[in-house]
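Read through the structure below, which is laid out as structure tokens, and then see the notes.
The values are calculated or read from the model by the stated rules, or taken from the named source; none is laboratory data. From a predicted model like this one, the values you see are computed outputs, not experimental measurements. FYI the Cβ positions are ideal-geometry reconstructions off the backbone, even for glycines, and counts take in every protein chain you see.
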Amino acid sequence: MIKQLQILFLVIISSTLFADQEPNKVIKVKKELKIDIAKTYHDKDTKKILRSSISTYKKGDQDIEHGPSMAFYKNGAKKIIINYSHGKKDGEQKYWREDKTTDKILYWKKGELTKKEIFHLNGILKTRSTFTGVKGVKHLTHFYKNGIKKLQFTIIDKKVNGIRKMWTKKGILESEDEWKDNKRNGKMKAYYVTGQLKVILEWKDNKIIGERVSYNKNKTITAKCIYKEGIPHKGSVFDNENFEIRNYKNGKLTETNASDEEGNLR
């Protein structure tokens, strides 16, 4: 269980902006703002719209962006839309795949990114990143393709911090542990699908310390061991990958016995 739960979580938030293209056709439109120019770019062969650029108005020597900016695939399908309000992103920044399914959505409020959502190919939400307004802090939630929550944790200054939780595809809590600066620090608990506690232990800088206890589904202890600096020192450890109980004394393995999948001796 412990090895199965050791997953690397390096999450990088990146924004994708469409590249500038040389206009084949420019349309100037007069609007309510002081000087408002909308530009529409067409494919020179198919004549289909590639990009409909942002409207702008002058404020001194600056061009202030205002309104929606859109880009399209060559087949005419919408690719991206970004909404601006007086020079700042405001509202949805939405991306589509060429098959017209939603790829991702960024949510802005007066130039500040508040939320980002990425979608599976089947249209179900895959990842949600929520930004707190505090620099470097965001909450991430990952989902299975069936829409069930899979993983939840917090990033502070690009490092995992706080409580991390994992669920099965049926939505049952599988484990929860504490992190600090990308390292396991604190209590860790794993559960059976019934919700019954399966194992409890404590981490310090990614090393198990103190007592590790395993339980069967009847809430009976099947193994208990004291760890020192990540090494089993005294007691028994249930290996749930090989289904065996390992006994230790003074940091050395003294005996191994076969068990069932709950740690009960055969």
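Take the conditions surrounded by fewer than 18 Cβ atoms within 10 Å (Cβ to Cβ) and closer than 30 Å to Glu98 by Cα and apply them to Thr141. Does it pass? Yes.
Does the range 206-229 include one or more residues that are exposed (fewer than 13 other Cβ atoms within 10 Å of the Cβ), modelled with pLDDT under 95 and farther than 20 Å from Trp167 by Cα? Yes - at least one qualifying residue is present in the range 206-229. Taking the residues in the range 247-266 that are in a strand (DSSP E or B) and touching a Phe, Trp or Tyr at 6+ places or on another chain (Cβ under 8 Å) as candidates, determine which candidate is nearest to Thr220 (Cα to Cα). Looking at residues that are in a strand (DSSP E or B) and touching a Phe, Trp or Tyr at 6+ places or on another chain (Cβ under 8 Å), I get Ser259. One residue stands out among those in the range 230-242 that are assigned to a strand (DSSP E or B) and either in contact with a His (Cβ under 6 Å, 6 or more places away or on another chain) or not charged (D, E, K, R) (or both): the one that is surrounded by the fewest Cβ atoms within 10 Å (Cβ to Cβ), which is Ile231. The residues of the range 70-85 that are more than 24 Å from Thr127 (Cβ to Cβ) and either at pLDDT 90 or above or not in a loop (DSSP other than H, G, I, E, B) (or both), listed by number, are Met70, Phe72, Tyr84, Ser85. Taken over the range 137-153, the criterion of being within 23 Å of Lys180 (Cα to Cα) and among the hydroxyl-bearing types (Ser, Thr, Tyr) is satisfied by Thr141 alone. Can you give me the number of residues within the range 211-244 that are within 18 Å of Val193 (Cα to Cα) and basic (Lys, Arg)? Matching residues across the range 211-244 total 2. When residues in the range 93-120 are screened for being exposed (fewer than 14 other Cβ atoms within 10 Å of the Cβ) and outside any strand (DSSP E or B), 6 of them pass.
Remark: pairs (first residue in the range 62-76, within 19 Å of Tyr107 (Cβ to Cβ); second residue among the hydroxyl-bearing types (Ser, Thr, Tyr) and at pLDDT 85 or above; Cβ separation under 6 Å; 6+ apart in sequence or on different chains) = Glu65/Tyr84; His66/Tyr84.
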